[in-house]
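Working notes, beginning with the structure itself.
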Amino acid sequence: MISIIIPTYNERENLEELFERISRALEDRDFEIIIVDDDSPDKTWEKAEILGKIYPVRVIRRTNEKGLSSAVIRGFEEANGDIIVVMDADLQHPPEVIPKLIEAIEHGADISIASRYVKGGKAENWYWWRKVISKGAIMVGRVALPKIRNIKDPVSGFFAFKREVIENVNLNPVGFKILLEILIKGKYEKVIEIPFTFGLRKGGESKLSQKQIFNYLKHLYRLMRWEGEIDRLVKFSVVGLSGVLVNEGTLWGFVEFLGWDKRLAVLPATELSVLNNFVWNDIWTFKDLKRKALYLRLLNFHFAALTGALVQWAIYLVLLHVGLHYLVANLIGIGFSFIVRFLFNRNITWG
């Protein structure tokens with residue numbers, strides 16, 4: 001049994017074509033369509049019930065709850081299938097791709113994603129700003145959540161998975177990117193991406209808004225906390241502050257007690273602070289990610305420190321050139337350097 005979950009809001013005019021194309025694509029398979037409608041003013045739920053006399057459709061009309069992700073989760077609760085498919089009703093997700101998603105599951109994948117960004121996939125006739133938002137959302141998500149960094153389209157709304165992936169998993173997404181929640185919290189080993197063309201909307205209303213963008217960022221933050229990435233960032237910050245103390249303290253000691261030249265004393269002081277930071281990050285911040293040899297981690301950590309310093313210096317010079325106060329320019333440079341060093345170390349040194 002295949003369960004196809006379709007959340008709807010004002011999609012009445014798309015349903016007849018959608019159901020007919022799904023039925024044609026899955027004519028040799030046992031399937032059910034579950035429409036979860038948030039009490040659409042255009043009475044999408046009513047049209048779905050009428051069409052349910054022709055197609056294997058079940059309709060859930062929600063009058064006291066709203067939201068795409070919660071609608072999808074309600075569909076999961078009602079589904080009878082061994083394989084669950086999630087898609088939109090606006091015909092931008094072509095039903096003809098569903099058999100490919102199912103075949104990927106049958107050939108060993110736990111999750112199969114209809115992807116716009118693998119070879120052969122594309123988004124058709126998008127405005128440039130829509131492409132920027134989509135690519136930007138994916139880039140931010142892959143940086144914030146290393147678990148999904150090898151997935152090209154982790155925010156796709158069109159995907160399939162085995163029921164076991166979400167069994168006994170507490171799904172609580174914000175916004176409309178339910179796939180992100182499943183990829184972070186679900187129980188799976190293999191993900192396959194299937195190329196498809198994200199088509200033109202045939203009717204209804206686009207769900208993209210400023211609120212949805214804010215919810216996406218909020219969702220990322222919650223998943224980072226769930227994954228422990230926020231705690232890791234805080235630990236990295238604390239270690240960085242300890243490195244400042246080591247740097248300042250040893251520099252003072254070399255100059256005041258040993259009488260070293262101030263221009264030379266900064267070099268060993270800096271190296272000691274780098275070693276201090278490496279040791280604490282290795283035994284505390286990234287203690288669960290020691291996948292490389294010690295010497296490689298140490299070498300990469302030094303390279304991250306050098307890269308961060310170059311970024312800080314470059315931004316400092318640019319901001320000075322445009323007239324910013326040198327202390328403010330340096331502070332902004334330090335901020336960017338911190339981000340670069342954290343991401344480098346998270347994804348490469350201890351990646």
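Worth a mention:
- Any chance Leu324 is part of a helix (DSSP H, G or I) and assigned by TED's automatic domain parsing to the domain that holds Lys235: no
- Test: Val311 is β-branched (Val, Ile, Thr), under 30 Å from Glu229 (Cα atoms) and part of a helix (DSSP H, G or I): yes
- For region 94-111, filtered to residues that are of a type outside the set (A, V, I, L, M, F, W, C) and touching a residue at least 40 places away in the same chain (Cβ under 8 Å), the residue that is surrounded by the fewest Cβ atoms within 10 Å (Cβ to Cβ) is Gly108.
- For region 55-78, the set of residues classified as aliphatic (A, V, I, L, M) and modelled with pLDDT under 95 consists of Leu68, Ala71, Val72, Ile73, listed by residue number.
- Here Ser23 clears all of (1) free of Cβ contacts under 8 Å to residues at least 40 places away in the same chain; (2) of a type outside the set (D, E, K, R); (3) closer than 18 Å to Ile73 by Cα except the condition numbered (3).
Conditions (1) surrounded by 15 or more Cβ atoms within 10 Å (Cβ to Cβ); (2) modelled with pLDDT of 95 or more; (3) in contact with a Cys (Cβ under 8 Å, 6 or more places away or on another chain); (4) in the same structural domain as Ile6 (by TED's automatic domain parsing), marked per residue:
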residue	(1), (2), (3), (4)
Ile84	yes, yes, no, yes
Gln92	yes, no, no, yes
Glu124	no, no, no, yes
Tyr127	no, no, no, yes
Ser134	yes, no, no, yes
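- Test: residue in region 322-340 that is closer than 30 Å to Asn150 by Cβ and either buried (at least 20 other Cβ atoms within 10 Å of the Cβ) or among the small types (Gly, Ala, Ser) (or both): yes
- Those helices (runs of 4 or more DSSP H) of region 85-189 in which at least 1 residues are over 13 Å from the mean Cα position of the chain (by Cα), considering only elements entirely within it, cover 98-106, 128-144.
- Evaluation of Gly141 against the conditions (1) under 29 Å from Asn345 (Cβ atoms); (2) surrounded by fewer than 19 Cβ atoms within 10 Å (Cβ to Cβ) shows that the sole unmet condition is (2).
To keep it simple, each residue is scored yes or no on (1) closer than 29 Å to Val255 by Cα; (2) modelled with pLDDT of 95 or more; (3) not assigned by TED's automatic domain parsing to the domain that holds Leu241.
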position: Phe278; (1), (2), (3): yes, yes, no
position: Thr285; (1), (2), (3): no, no, no
position: Ile315; (1), (2), (3): no, no, no
position: Val318; (1), (2), (3): no, no, no
position: Leu331; (1), (2), (3): yes, no, no
position: Arg341; (1), (2), (3): yes, no, no
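- For region 1-54, the tally of residues that are within 15 Å of Glu96 (Cβ to Cβ) and either basic (Lys, Arg) or part of a strand (DSSP E or B) (or both) stands at 6.
- Test: residue in region 192-210 that is aliphatic (A, V, I, L, M), at pLDDT 95 or above and not in a loop (DSSP other than H, G, I, E, B): yes
- Residue identified as in contact with a Gly (Cβ under 9 Å, 6 or more places away or on another chain) and either surrounded by fewer than 19 Cβ atoms within 10 Å (Cβ to Cβ) or under 30 Å from Gly186 (Cα atoms) (or both) among Arg263, Arg291, Arg225, Arg232: Arg291
The values are calculated or read from the model by the stated rules, or taken from the named source; none is laboratory data. As the structure is a computational prediction, the values presented were derived from the model and not from experiment. As a convention, Cβ positions derive from the backbone with ideal geometry for all residues, glycine included, and neighbour counts pool all protein chains shown.
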